[in-house]
Amino acid sequence: MAPEQTAGPGPKPLRLFIAADIPDSVKTSLSDSVAPFRNRIPGARWTGSDGWHVTLKFLGATWPRLLAEIEGAAARVAGSVHPFRSRLTRLGVFPGPNRARVVWAGLEDRQGRFGSIVAGLDEALEEHFTPESRAFTPHLTVARLTPPRNIREFAPELPDTDVRSAPFAVDRLVLYRSHLSPRGATYEPMEEFPLSG
């Protein structure tokens, strides 16, 4: 977020991101699949299923004056993409098993639709938000490891564990606001943008 001078108390930045949702039935299936690993990795912070979104553009601290522009960009990108189907595939870790920082569940994206949305959002919002430099891997973050761990020491079978779900429709983008607190983050959907390309 660019610095901005204010004359006094005024609107505070909002912590925002754009994501695709997954159905509750898929979240339940994934929760069952990761349950055997929950007590095996020291220092792992397992995310709640209410935070399982496919994050497509993390905006971070954002001035409220940019909301209309963000919503317009998200609507244009969503309007250029046809609804499609995806499913969970397998568990993995970033950046690698010897020094894992994140445990994730991957999503099927054979036609690169998620990647197209990410590229469209990056282009539409590049005036105010830095485009992502890393290649996009559609995923849900299921745990964060602090400090990083050698996953082979604690759960060698975790990478590539099959968590395949039933296929589900991806038919909208959602602009979320996250609220941080000592109890963890909560997520407030602010606007939805149907895929209608």
Enter the angle in degrees (range 0 to 90, nearest 10) between the Cα long axis of helix 24-34 and the first principal axis of the Cα atoms of the chain, meaning the one along which they spread out most. 40
Dipole magnitude of segment 14-194, debye to nearest 20 (Cβ charges: Lys/Arg +1, Asp/Glu -1, about Cα centre): 700
Using a simple spin-label model with points 7 Å from Cα along the Cα→Cβ vector, what separation in nm is obtained for W63 and E192? 3.2
Quick one: if the Förster radius is 22 Å, what FRET efficiency do S49 and T137 give, using the C-beta to C-beta distance and rounding to 0.05? 0.65
Dipole of segment 14-194 [Lys/Arg +1, Asp/Glu -1 at C-beta], most positive-end residue of V93, P167, A20: V93
Projected onto the charge dipole of the chain (+1 at Lys/Arg Cβ, -1 at Asp/Glu Cβ, origin at the Cα centre), which of N150, S29, S49 gives the Cα projection farthest towards the positive end? N150
Which longest run of the chain has no exposed loop site in it, a site being GluC sites (Glu not before Pro) in a DSSP loop with at most 13 other beta carbons within 10 Å, and the site itself not part of the run? 5-125
For W52, W63, ascending order of other Cβ atoms within 10 Å (fewest first) is W63, W52
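Might you report the magnitude of the Cβ-based charge dipole of segment 1-115 about its Cα centre, with Lys and Arg at +1 and Asp and Glu at -1, to the nearest 20 debye? Before the final figure, lay out each step's value.
On the way: 16 positive and 9 negative charges, 83 e Å.
Magnitude of the dipole: close to 400 debye.
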How much length, in nm to one decimal, is gained on full extension between R87 and Q111, taken as 0.36 nm per residue of separation minus their Cα-Cα distance? 7.3 nm
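Since every read-out is calculated from the coordinates, none of them should be taken as a lab result. It should be emphasised that the depicted structure is a prediction, and the values quoted were computed from it without experimental measurement. Neighbour counts run over all protein chains shown; Cβ positions are idealised from the backbone, glycine included.
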